[in-house]
Amino acid sequence: MDKKRTWIDQSLCIGCQACVEMDETETLFMDENGLADAKPNKLQLVESQMVCPTGAVNIDED
């Protein structure tokens, strides 16, 4: 399984796209169900985490 440092808790995601719009690396994307998801990454997408109204964007420490 591919590791994701920044990841989305889809049970909290409301599909607002705020995190995807803030992400300049194109790591975050909207899946076929209209929810945010993340490609495998080692990034700390803090700005995307900060704009999420539901706290669905998570960043693992390592």
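Please list, in order, the residues from the stretch 43-62 whose amide nitrogen is less than 16 Å from a point placed 7 Å along the Cα→Cβ vector of residue 30. Residues 52-53 qualify, since their backbone N sits under 16 Å from the label point. Across all directions, the average flat footprint of the convex hull enclosing the Cα atoms of the chain is 3.9 nm². Look at the dipole of the stretch 6-59 built from charges on Cβ: of 11, 36, 25, the Cα furthest out on the positive end belongs to 11.
Quick note: the coordinates plus some simple rules give every number you see, no bench work behind them. It should be emphasised that the depicted structure is a prediction, and the values quoted were computed from it without experimental measurement. A quick note on method: Cβ atoms are made from the backbone with ideal geometry, for glycine too, and the neighbour counts reach across all protein chains shown.
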